[in-house]
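The structure under discussion appears below in the form of structure tokens.
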Amino acid sequence: MPASLRNLMLTILSLLALGQAQAQTEAGSSIENQLKTQYNESFPGNPRSQGFSRTVTTTVLGLCAPRILPDGTVSNPGQVISSIAGSRAILSYTVFNQGNGAFSLPLSVKALDGWTAQSIKIFHDLQNDGAIDPTDPEITAIDLKAGQSARVLVQVQTPFSTSGSAHFDLQALCTDGLGTKTDNGNVGRVTLTAESAVKLDKQMTLTEVRKDDEVTVKLKVTNTGFDDLQNVQVMDRLDQEGLQGMAYVPGSLEVVSGVKPFPGALYFDSGNQAVSVIFDRIPRAGIREVQFKLKVLSAALLGNRVNSAQVQAASSTDPSVLVSADSSFAFKVLNRPEIWLGPLSQPQAAEMTDADMQQGKITAQGKELCMGHTVLNAAQISDVVSIAVESINPDVQVRILSAQGTPLPAEIPLEPTQSLNFQTCYTTSTPTESTFDVVWKATSKLGATPNRTLDRITVQYPPEIWLGPLSLPKAAELTEEDTVHGEILARNLMECLDHTVLNAAGVTDTVTLTLEDINDTPVLNSTDVKFDFYQGTSKLTLPVKFTLPAGGSENFRICYTRVSSKQTPFSVRVVAASDRGGVNRSLDSLSHAVLGPDQKLNLQKSQSVAAGTKLLHGEEYTYTLSLTNKLPYTLTELLVTDLLDPNLDYISMEVLLDGTVQPDVQVVRTELKDEQGKRTATRLEWKIPALDPEQIAEIRFKVKVHPDARDGYVLDNAFTADALELVAPLESNHVQVLLWSTALLLKKEADKKVVEYGDVLNWTLTLTNPASTVTVQDVMLEDLLPRGLVYIPGSTQWKLENAGAANQPMHTAPDPVQQGQLLRWGQSAQSTLPALPAQARLVLTFSTRVTPEVGDEIINGATAIGCGLKDPNLNQCVVTVASNSGGVSTATVQVKSALFKTPALLVGRVYVDRDEDRKYDPAIDQPLKNARVVLSSGRSITTDAEGRYSADGIQTGIWALRLDPFSAPYTPEAMPEDRGKPGSRNLMIAGLTTVDFPLLPSSADVRTFRTTRLQYGPLTVQKTVHPAGNNEYIVTVKLTATQDLPDFQITDLLPEGATLLEGEAAPQFEVLSQGDHLLDYRIHFEGAWSGALTDPQVRWRYP
């Protein structure tokens, strides 16, 4: 093998053993054998190649194979007959030539035992009736072709005055090139009787049967004795080996001789699988004939068979004398040849039906059309099949090819169940369009029933229609090149896409244009997307048709209008269908334009009163509705709707466009009422015909609070706008006013005007609900005790007055919830206060003790809140009512003991210590103006132009001071008193105390600091981080509160990886009192300087 060949594949086309060839193939035939190889070249991509060996021719020799049936031995003879001594007995045989050529088979009979026959002759039973007729010749040999058989009769002349049995063996022989072949072992028995004898002859109408054949079996009984026979029973068992695979045909059993059998004796016993007939009497020389039918089933095994039958009778003169006889008939079961022809892979389709028909089109002169077919040998024997055209149109030329495209042989050998695929190919040169049928017929060399199939060929030269974007009709169908894109700008605005349709055929054609909705959810309908066809500015009538000459084209456009509020993209397939059958498609793809954030219709609602204003009954105010069109298109039929609350009455209105009053635009008012006829709302509607881009429409209308408006009601109002071009109505912002005239009245009183240290000071809080109808729920009282006052536990009492049946006398109540100096009644279940009906009054008293920590004057304030309106579903308060319109009720008491206190005076200076000697030298150092010094009480002092500050009236004691780093842009010098916190002091203040704050001067290596600032409501938080060297930082947090903040918490997270060296980063405050507070701590942080500053978080509770 050459080195360049790889993957050698050998295909043996035909290799038959010689013995098989001689046994199966006719003598003298020639067998040609050739070897075919297929292989791949070693180079990738090369096609497969093939090669052939030289042809070897083999000639098949003649093979002789004689066969005689039925077989038999002396102990088990193939047939048994009884005969009267001196008569002629007949043995019936079938001789077969099972060789592959014609042979003359010599025949002889060998007497094996018993009495000696007077003569033995052999006859050829030409009529196959089991009887020696005058025309049946006596023979010693018989000539048979390959596979042929013949019926022969052996006539034995029995001797007189003899009884018993003798056995005879018919033998056949023949000679071929391999020697002489003999068939013996075909023993038959002849039994002689004195007076009674019977003979049975069996015949079958076919000696060779095939599947589905029906064969008639005939049984002839002859009384060959000298007296009558009685109770003659003829039986043919169907369960014998020779009849396996064959079935009795119901109803076919009959007596041919016309003589009735014994009553009830004619039957087919399915249980015994036997055919049996009993005759009551057969006279001397009498004959009775019985016949029935057998059907060959598909399960019948192929080959030679023998069917044996028996007859038994009794002598009429001596019933004890019984006679019997057997008879056999040899036949052969052959496979019925069966061929099928049909479409590819469907050879067994019902012949000449639609399933057996293939259709194809020839679309151009000279163009070949090929159709696949399959021929099948459905039999169990080999066959040779031929395929030929039975009928065809003379204008069509045809070729019959193998599946590989080579000419198909005239004769196709097929093994059992083998099939072959082939193809029929057609061409035509006729210019005429037509349809014709071609009938193909398969025939069998073994004589199987021919089978046909049908090819229906249509000659049709197709139209050539093209459809695509404008001036590009031949774009590849339904590709991106063939797609027309469009953007829908707005609802009810038309988007038009241009197309060109072309007739590229050589004849005139009429084209119909249609649209196919290919979206998962259809869009082309009256409620979503409408469409129209236009040519120029002319609208075309549906269906749109163009008659185009050869090579002619037309331009047109399809305009889509989205009438629904959907904005999903969609695609439509445009279809051009030719009257001659051609179709071409193009694609329209539409999406909605994406507008910029500022391209919209801006709606703004405002009112002439401030948000949250509490309006009284009968008050008037004005709503203004502003609409600015920032869209790139005009809005048409702009509908503006305002749903007016039933607590408001409409008074008047005006509409302006770009500042010009529009008297033609009027309001439509609709009263909305419930089932009881009560007004639930007033709908105001204005319809503006058009609003151009950048145009402003303004609607102003005046309303009045209804006299029956519900107190505590929040009027929430907005308006909507819709237009034909908008996807959905738009809603404006909401504006609110509160209808409420009710406020709680809180009065606070002390039982003394002047107190001394240790005194008990009693306080009275009187809370009144002046409303006429509203009950205030969830009442809560708060009292922030000044420093130095201590609440006396168990001192709380209250009573409810002017509440009708809800009145309660003065009684001791649970203590309030106390947080630092803040007392709160009504917050917890233990300190719950009663609801306050309209005009009712709650009087609450409690006691405090005066301690030396109080100042010169005690100013004690209290507040009260309650719920004026609750949501019944959510159990949440809708309107909160505060005392004294949110103010604080206070009472003032003088402290007499303050006259004997010794106040202290704090003075000092803030300056830049240029010589860094920690001593102020006016000639060298620089005083710092407006620097702030903050005391631990929250009090702060600002320096003057000389850097000086002073604070008098300070109580003697330990105080903490802090220089506000935000007011002094210099780093404080480290002092022993600052305890490692430059700018801080913690010392005893008594009498006259001086504290200076020297600052380091600015220099090139001055360390920088970082700061952050947070301001929210009443609180300002400032945080500064100063580098202190050695990866240490001083953090200062300044808290400035404009009011007391209860439950105050600050969380100042350290930078990731930092450790706290000194101080507290998250202190807790029961109340952060009004004023300035400074916090500082020291951290160690080795990260980048930029990461040393974090943002603190704060929280507190509102009353």
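The values are calculated or read from the model by the stated rules, or taken from the named source; none is laboratory data. Just so it is clear, the structure is predicted and the values come from calculations on it, not from any experiment. When we count neighbours, we look across all protein chains shown, and the Cβ atoms used for this are built from the backbone with ideal geometry, even at glycine.
A single member of Gly804, Gly820 is surrounded by fewer than 19 Cβ atoms within 10 Å (Cβ to Cβ) and touching a strand residue (DSSP E or B) at 6+ places or on another chain (Cβ under 8 Å), and it is Gly820. Mind checking which residues of region 126-170 are closer than 20 Å to Gly188 by Cβ and polar (S, T, N, Q)? Within region 126-170, Asn128, Thr140, Ser149, Gln155, Gln157, Thr158, Thr162, Ser163, Ser165 meet the criteria.
Residues in region 713-728 that are surrounded by fewer than 14 Cβ atoms within 10 Å (Cβ to Cβ) and part of a loop (DSSP other than H, G, I, E, B): 1 in all. Leu672 falls short on exactly one of the conditions (1) assigned to a loop (DSSP other than H, G, I, E, B); (2) exposed (fewer than 14 other Cβ atoms within 10 Å of the Cβ), and that condition is (1). One residue stands out in region 835-858 among those that are more than 17 Å from Ala743 (Cα to Cα) and of a type in the set (S, T, N, Q): the one that is surrounded by the fewest Cβ atoms within 10 Å (Cβ to Cβ), namely Thr851. Determine, yes or no, whether Asn307 is farther than 30 Å from Ser434 by Cα, in contact with a helix residue (DSSP H, G or I) (Cβ under 7 Å, 6 or more places away or on another chain) and either outside any loop (DSSP other than H, G, I, E, B) or not acidic (Asp, Glu) (or both). In short, yes.
Scanning region 557-598 for residues that are of a type in the set (A, V, I, L, M, F, W, C) and buried (at least 19 other Cβ atoms within 10 Å of the Cβ) returns Ile558, Phe570, Val572, Val574, Ala576, Ala577, Leu587, Leu590. Cβ-Cβ distances below 8 Å connect no pair with a first residue in region 621-632 that is outside the structural domain of Asp658 (by TED's automatic domain parsing), a second residue that is loosely packed, with under 15 Cβ neighbours inside 10 Å, and a separation of six or more residues or different chains. Say we look at region 988-1029 and pick out the residues that are modelled with pLDDT of 75 or more and small (Gly, Ala, Ser); which of these is surrounded by the most Cβ atoms within 10 Å (Cβ to Cβ)? Only one residue tops the list, namely Ala990.
Against the conditions (1) of a type in the set (Gly, Ala, Ser); (2) assigned to a strand (DSSP E or B); (3) over 18 Å from Asp722 (Cα atoms), Ala610 satisfies every one except (2). Of all the residues in region 859-889, those that are modelled with pLDDT of 70 or more, loosely packed, with under 13 Cβ neighbours inside 10 Å and on the phi < 0 side of the Ramachandran plot number 6.
Which one of these is in a strand (DSSP E or B) and in contact with a helix residue (DSSP H, G or I) (Cβ under 9 Å, 6 or more places away or on another chain): Leu745, Leu767, Leu781?
Among Leu745, Leu767, Leu781, only Leu745 is in a strand (DSSP E or B) and in contact with a helix residue (DSSP H, G or I) (Cβ under 9 Å, 6 or more places away or on another chain).
You will find that of Ala314, Ala355, Ala325, the residue that is of a type in the set (A, V, I, L, M, F, W, C), assigned to a strand (DSSP E or B) and farther than 29 Å from Leu206 by Cα is Ala314 and no other. Here Asp1047 fulfils each of the conditions (1) surrounded by fewer than 17 Cβ atoms within 10 Å (Cβ to Cβ); (2) among the charged types (D, E, K, R); (3) in contact (Cβ under 8 Å) with a residue 24 or more places away in the chain; (4) on the phi < 0 side of the Ramachandran plot apart from (4). Here region 164-179 is the region considered, the condition is being closer than 15 Å to Ala141 by Cα and of a type outside the set (A, V, I, L, M, F, W, C), and the residue that is modelled with the lowest pLDDT is Thr175.
Could you check region 394-411 and list, in sequence order, the residues that are more than 13 Å from Leu369 (Cβ to Cβ) and in contact with a strand residue (DSSP E or B) (Cβ under 9 Å, 6 or more places away or on another chain)? Within region 394-411, Asp395, Ile400, Ser402, Ala403, Gly405, Pro407, Leu408, Pro409, Ala410, Glu411 qualify. Total residues in region 159-193 satisfying the condition of being surrounded by fewer than 22 Cβ atoms within 10 Å (Cβ to Cβ) and either β-branched (Val, Ile, Thr) or not assigned by TED's automatic domain parsing to the domain that holds Asp136 (or both): the figure is 6. What about Leu1014, is it assigned to a strand (DSSP E or B), hydrophobic (A, V, I, L, M, F, W, C) and within 20 Å of Tyr1033 (Cβ to Cβ)? So Leu1014 fits the description; yes.
Does region 216-231 contain any residue that is touching an Asp or Glu at 6+ places or on another chain (Cβ under 7 Å) and not assigned by TED's automatic domain parsing to the domain that holds Gly258? No, region 216-231 has no match at all.
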